[in-house]
1. If Leu12 satisfies every condition in (1) within 22 Å of Leu62 (Cβ to Cβ); (2) without any contact (Cβ under 8 Å) to a residue 12 or more places away in the chain but one, which is the exception?
2. Of (1) without any contact (Cβ under 8 Å) to a residue 40 or more places away in the chain; (2) out of contact with any Ser or Thr (no Cβ under 8 Å at 6 or more places or on another chain); (3) not acidic (Asp, Glu), Ser65 satisfies all except one. Which?
3. How many residues are of a type in the set (Asp, Glu) and within 11 Å of the chain's Cα centre (by Cα) when one looks only at segment 26-65?
4. Of these, Glu60, Glu2, Glu10, which one is of a type in the set (Asp, Glu), assigned to a helix (DSSP H, G or I) and modelled with pLDDT under 90?
5. So which residues in segment 15-35 are touching a Ser or Thr at 6+ places or on another chain (Cβ under 8 Å) and either surrounded by 14 or more Cβ atoms within 10 Å (Cβ to Cβ) or outside any helix (DSSP H, G or I) (or both), if there are any at all?
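The values are calculated or read from the model by the stated rules, or taken from the named source; none is laboratory data. Just so it is clear, the model here is predicted, and its values are computed rather than measured. Glycine gets a Cβ as well: all are built from the backbone with ideal geometry, and neighbour counts include every protein chain shown.
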Amino acid sequence: METQSGLAGEILQKCINYRLKIAIVGDFEKYKSKSLQALIIESNRGNQFFFVADAAKAKEMLMNS
């Protein structure tokens, strides 16, 4: 059986393969999972998949990437 992080990785890979840009909006600081924090940091370094705090930042990241 696949882990949740494996599923997230598969979803991200599909988005990258199809060149989809996605912004996930929310308060992610309250989650202390090191693997989630690593995913957020790595995703935000790219130009297709972003974790942001509000809709305005999501729009900015999606339009400028």
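1. So the condition that Leu12 fails would be (2).
2. (1)
3. In the first step, residues of segment 26-65 are kept if they are of a type in the set (Asp, Glu); the result is 27, 29, 42, 54, 60.
Of the ones still in play, those that are also within 11 Å of the chain's Cα centre (by Cα) are 42.
Of the residues in that region, 1 qualify.
4. When all the criteria are applied, what remains is Glu10.
5. Lys21
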